[in-house]
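Worksheet: the structure to be examined is printed underneath.
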Amino acid sequence: MAEFLQFAFSGLTVGAVYALVALGFTLIYNASDVVNFAQGEFVMIGGMATVAIASAGVPLPVAAVAAIVVAIAVGLLLHRLAIEPARGADAVTLIIITIGASIFLRSAASFVFDKQFHTLPPFTGDTPIIFGGAAILPQSLWVLGGGMVIVVCLWVFLSKTLLGKAILATAANRLAAKLVGINTSYVVGLSFAVSAAIGALAGILVTPITLTRYDVGTLLALKGFAAAMVGGMGSPIGAIVGGLLIGLLEAFGAGYISSDYKDAIAFLAILAVLFFMPTGLFGRASVERV
Amino acid sequence: MARIFSHPLAVPALIAAIVLACGFGLGSNFYLRVATLVWISALAAIGLNLLMGFAGQVSLGHAGFFGIGAYATAVAPNVFGISPLLALVLGLVAAAVIALLVGRPILKLKGHYLAVATLGFGILVAMVLSNESGLTGGPDGMTVARPVLFGVKIKGVDNWYWISGAVLVLGAWLALNLVNSPTGRALRALHDSEVAARVAGIDVARYKVIAFIVSAVYTALAGGMLALFNGFITPDVAGFMHSIEFVVMVVLGGMGSIFGSVVGAAILIALPQALSAFQEYEHLALGFILMVFMIFLRKGIVPSLVALIARGAK
């Protein structure tokens, strides 16, 4: 039982990060139909920039905020310089552009920062809390709690503020949103900024546990994408459930089956979902217009 | 000019001329080696182009097939004691069978779903290759036995230059034949509109799988040749970045242009060698090229040039 709980907690912790990456995917996908493969790069920038700024003597909370600002700036630049000029391109073209952006950002990060692994001090010490025989790091609670706060904030933002409603309107129907006077290009840019901020926050929260390096983004993006797909593309609840599910599957797979193939589980999950349930758990079936 | 270019034998002849010119023109072994790598990559790019440029189905996991071809060639001689050349043929069969099994369900998907499914497939292959270290030597790679034909060992850059060049010309010729056959027309029809193709009586699922298998075999052949030429391979040949490099070759040269794939491969292989002082920036440049081309020159180099010449002729 202790073992089971241990796997469950570590699965939920990684799963929360996948869920946040998937949520970022979903925001951008809903607003602009772009599948942003550079989503994992925001997570990397969040962790790496915090490390770099904090090492200059800046207090950790300030460094974290500065890192989020950096990530938002990168997100806005990505939208302005790479996505906006290619408006109207087909899905695959846009995917290739974001893959290019991801490779570019990763390589740039190896020059701006360095190629070493880095970590941050845990926010509230590293004495594990024992629960039912399983040890939980306080930082895991930070990740789970932080994830929940982000989700609630995002929900309030989307459903209670005018700006958030503009994002939802653009997601529902871009042309109709334009007709009622919403600046859709601005809204899409905003969705890039918000999802960059979410990614960076996830990166900061998880860095004390998993460490960070210039190239951690690729695998995170792919797994976050798997999570979004398992949950059903475009569904925020699906993204969260999918993220936690992938995290749990990975933890139990690594614990009970084989840790060599831990990373394979997310991809097997993608293939299984696509073959048997192409719209995911919470997705809607799409119809091609002729 | 445009009419000469549209003759079915023009492109293979052009490629053959370039292979011959480089073969006699490039003096040093270093350049011949780079050129050999270009011909091998171009073969894989032509294969992927048949799928992406003609059938309109994206694959972000084609390096998986490259890895299957390469590792079949490397592993089978150790396990079954067969000749590396026979092992290469076995690799092609394996790639075709796997493409058939995977292609059926995967090709039902469209757009980004297809992109992600193929990506997952490629990564799974790479993971198997680096985890099954008993057979494959793991992440460090393994050596490949030299093939022997009629009692003569096939090795050395000059031999492999002409072999890979000849295979490339043959591959380009076969690809063009396929494109100009009823199958090729069916593929282009489903590229333009799947619904329209189905209405016109084309068995869409079947033709997509055919294109997938053919492109998998091309790519696996390239992988097998690389294994034999290098004498050493690592699981990186099946990795995600390698898949992306193939996509860049196709996109850069021009989707739907066989000669474009050769140009794309040449740029992607030769450029890092020419700029070896800037090797650190290779991925930075790769990412940048990918973005710029997809934004500003979406048709690729060769189709854009051909359009320019055609406009000039009028």
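Bear in mind these aren't lab numbers, they're just calculated from the coordinates by the rules spelled out. All values reported here derive from a predicted model rather than from experimental measurement. Here the Cβ positions follow ideal geometry from the backbone for every residue, glycine too, while neighbour counts run over all protein chains shown.
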Alpha-carbon gyration tensor eigenvalues x 5, square-rooted, for the protein assembly as shown, Å | 41, 29, 23
Mind grabbing the base-10 log of I(q)/I(0) for chain A at q = 0.07, 0.14 Å⁻¹? Debye formula, identical points on the C-alpha positions, no solvent, two decimal places.
-> -0.25, -1.02
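With 10 angstrom as the radius, rank B:293, B:212, A:117 by how many other C-beta atoms surround their C-beta, starting from the fewest.
Working: B:293 23, B:212 26, A:117 12.
Result, fewest neighbours first: A:117, B:293, B:212.
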Peptide A:267-276, shielding by other chains (average Cβ, 10 Å cutoff) | 5
Along the charge dipole of the stretch B:2-239, Cβ charges K/R +1 and D/E -1, which of B:120, B:27, B:202 sits furthest on the positive end?
-> B:202
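Among A:201, B:48, what is the fewest-to-most ranking by other Cβ atoms within 10 Å? Show your work: numbers first, answer last.
Values: A:201 23, B:48 28.
Neighbour counts put them in this order, fewest first: A:201, B:48.
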Distance between Cα centroids, the stretch B:216-284 to the stretch A:201-260: provide it in whole Å.
-> 30 Å
Mind counting lysine pairs for me in chain A? Cα separation below 25 Å, and the two need to be 8 or more apart along the chain or on different chains.
-> 5
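By counting other Cβ atoms within 10 Å of each Cβ, how are B:98, A:96, A:237, A:198 ranked from fewest to most? Walk me through the intermediate numbers first.
Numbers: B:98 18, A:96 25, A:237 15, A:198 28.
Taking fewest neighbouring Cβ atoms as first place, the list is A:237, B:98, A:96, A:198.
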Once normalised by the length of the stretch B:2-239, the mean sequence separation of its alpha carbon contacts under 8 Å that are 6 or more apart gives a contact order in percent of 40 percent
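What is the packing order of peptides A:263-269, A:53-59, taking the mean over residues of other C-beta atoms within 10 Å and listing the highest first?
A:263-269, A:53-59
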Cα gyration tensor of the stretch B:2-239, axes a ≥ b ≥ c as square roots of the eigenvalues: rounded (a/c below 1.5), prolate (a/b > b/c) or oblate?
-> oblate
Return the average number of partner chain Cβ atoms within 10 angstrom of each residue Cβ along peptide B:289-301.
-> 5
Could you run the Karplus curve 6.51 cos²θ - 1.76 cosθ + 1.60 with θ = phi - 60° over the stretch B:79-92 and give me ³J(HN,Hα) per residue in whole Hz, x for Gly and Pro?
-> 7, 9, x, 8, 5, x, 5, 5, 4, 4, 4, 4, x, 5
Post the alpha-carbon centroid distance, the stretch A:93-132 to the stretch B:66-110, in whole angstrom.
-> 35 Å
Would you mind checking the tilt of helix A:184-210 against the longest principal axis of the Cα atoms of chain A, expressed as 0 to 90 degrees and rounded to 10?
-> 10 degrees
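Exposed loop sites here are trypsin sites (Lys or Arg not before Pro) in DSSP loop states with at most 15 other C-beta atoms within 10 Å. What is the longest stretch of chain A lacking them? Mind showing how you got there, number by number?
Working: sites that count: A:87, A:115, A:284, A:289.
Excluding the exposed sites themselves, the longest stretch runs over A:116-283.
Residue by residue through A:98-110, how many Cβ atoms from other chains fall within 10 Å of the Cβ on average? Present the calculation step by step, with values, prior to reporting the outcome.
Details: counts 3, 12, 13, 4, 3, 12, 9, 2, 3, 9, 5, 0, 3.
Across the residues of A:98-110, the mean count of other-chain Cβ atoms within 10 Å is 6.
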